[in-house]
Amino acid sequence: NAGVTQTPKFQVLKTGQSMTLQCAQDMNHNSMYWYRQDPGMGLRLIYYSASEGTTDKGEVPNGYNVSRLNKREFSLRLESAAPSQTSVYFCASSPSSNWEQYFGPGTRLTVT
Amino acid sequence: KQEVTQIPAALSVPEGENLVLNCSFTDSAIYNLQWFRQDPGKGLTSLLLIQSSQREQTSGRLNASLDKSSGRSTLYIAASQPGDSATYLCAVRPWEAGTALIFGKGTTLSVSS
């Protein structure tokens with residue numbers, strides 16, 4: 001099992017550009033999450049999907065959109081990137097049985 | 001609003017020492033608590049998961065305890081090694097359905113040989 005995979009690993013964008021971060025899990029988990037990690041702020045939830053076909057906002061959703069494409073895949077889209085979105089983005093998934101979260105390796109995004 | 005605090009922010013110890021990392025949370029209505037390890041530039045690796053009905057969990061040299069009533073958890077690392085050097089994160093999952101984890105800011109551990 002690959003667990004949770006994320007692409008790309010690194011990305012540099014100019015202000016105003018758009019991009020989609022991809023996440024997939026092969027553990028048949030119902031729930032998936034997107035977090036961002038910033039120095040001094042810790043990890044904060046952007047969006048989550050409790051099950052296929054549902055998505056909900058987290059603590060810091062502004063400037064982002066998500067799509068739960070199917071049970072395996074949960075993508076995060078930046079429509080018009082801003083320097084404040086420079087961060088490390090982590091995707092995670094969890095089963096409904098015990099809610100233990102498993103994280104991907106992260107995407108390091110820089111917006112200039 | 002649930003808040004998670006980890007003290008100290010950084011800790012340096014010599015190899016072989018036993019150590020305790022602390023985590024406190026403000027609302028005892030949690031479903032579970034999870035301890036993670038994060039190496040520089042890497043993702044999070046789950047170390048231990050404690051359900052709200054449990055008091056402790058053990059994995060190898062690691063032991064995590066949970067005292068919900070006082071809003072505290074500790075991660076005990078026995079016989080520390082240089083390979084234990086990393087940032088350790090504590091996170092709680094509130095009881096509300098569909099919610100995700102709320103993280104502390106972590107304790108960065110350095111074990112010298």
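The values are calculated or read from the model by the stated rules, or taken from the named source; none is laboratory data. Keep in mind it's a predicted model, so treat the numbers as computed, not measured. Cβ: placed from backbone, ideal geometry, glycine included. Neighbour counts: every protein chain shown.
If I go through the stretch B:37-69 residue by residue, how many of them are buried (at least 16 other Cβ atoms within 10 Å of the Cβ) and β-branched (Val, Ile, Thr)?
1
So, in the stretch B:4-18, of the ones that are under 15 Å from B:Leu89 (Cα atoms) and part of a strand (DSSP E or B), which residue ends up modelled with the lowest pLDDT?
The qualifying residue modelled with the lowest pLDDT is B:Ile7.
Taking the stretch A:9-24, which residues are over 14 Å from A:Leu78 (Cα atoms) and not in a strand (DSSP E or B)?
If the condition is that a residue be over 14 Å from A:Leu78 (Cα atoms) and not in a strand (DSSP E or B), then A:Lys9 is the only one that fits.
Checking the conditions here, which among B:Val20, B:Val4 is over 27 Å from A:Thr5 (Cβ atoms) and in contact with a Cys (Cβ under 8 Å, 6 or more places away or on another chain)?
The conditions single out B:Val4.
Take B:Gly104 and decide whether it is modelled with pLDDT under 95 and either on the phi > 0 side of the Ramachandran plot or at the interface with chain A (Cβ under 8 Å from one of its Cβ atoms) (or both).
no
Filter the stretch B:61-85 for residues that are away from chain A (no Cβ under 14 Å), free of Cβ contacts under 8 Å to residues at least 60 places away in the same chain and of a type in the set (A, V, I, L, M, F, W, C) and give the result.
Those that are away from chain A (no Cβ under 14 Å), free of Cβ contacts under 8 Å to residues at least 60 places away in the same chain and of a type in the set (A, V, I, L, M, F, W, C): B:Leu62, B:Leu66, B:Leu75, B:Ile77.
Please pick out the residue among B:Ser52, B:Ser73 that is under 15 Å from the mean Cα position of the chain (by Cα), modelled with pLDDT under 95 and more than 25 Å from A:Pro61 (Cα to Cα).
Working: B:Ser73 fails: modelled with pLDDT under 95.
Checking each option against the conditions leaves just B:Ser52.
Confirm whether B:Glu96 is away from chain A (no Cβ under 14 Å), surrounded by fewer than 17 Cβ atoms within 10 Å (Cβ to Cβ), more than 12 Å from the chain's Cα centre (by Cα) and not β-branched (Val, Ile, Thr).
No.
Select from the stretch B:72-100 the residues that are of a type in the set (A, V, I, L, M) and out of contact with any Ser or Thr (no Cβ under 9 Å at 6 or more places or on another chain) and list them in ascending order.
If the condition is that a residue be of a type in the set (A, V, I, L, M) and out of contact with any Ser or Thr (no Cβ under 9 Å at 6 or more places or on another chain), then B:Ile77, B:Ala78, B:Ala79, B:Ala91, B:Ala97 are the ones that fit.
What single numbered condition from (1) of a type in the set (Asp, Glu); (2) more than 11 Å from chain A (Cβ to nearest Cβ); (3) in contact (Cβ under 8 Å) with a residue 12 or more places away in the chain fails to hold for B:Glu3?
Only one criterion in (1) of a type in the set (Asp, Glu); (2) more than 11 Å from chain A (Cβ to nearest Cβ); (3) in contact (Cβ under 8 Å) with a residue 12 or more places away in the chain is unmet by B:Glu3, namely (2).
Could you please give the count of residues in the stretch B:30-51 that are more than 7 Å from every other protein chain (Cβ to nearest Cβ) and either of a type in the set (A, V, I, L, M, F, W, C) or in contact with a helix residue (DSSP H, G or I) (Cβ under 8 Å, 6 or more places away or on another chain) (or both)?
Of the residues in that region, 7 qualify.
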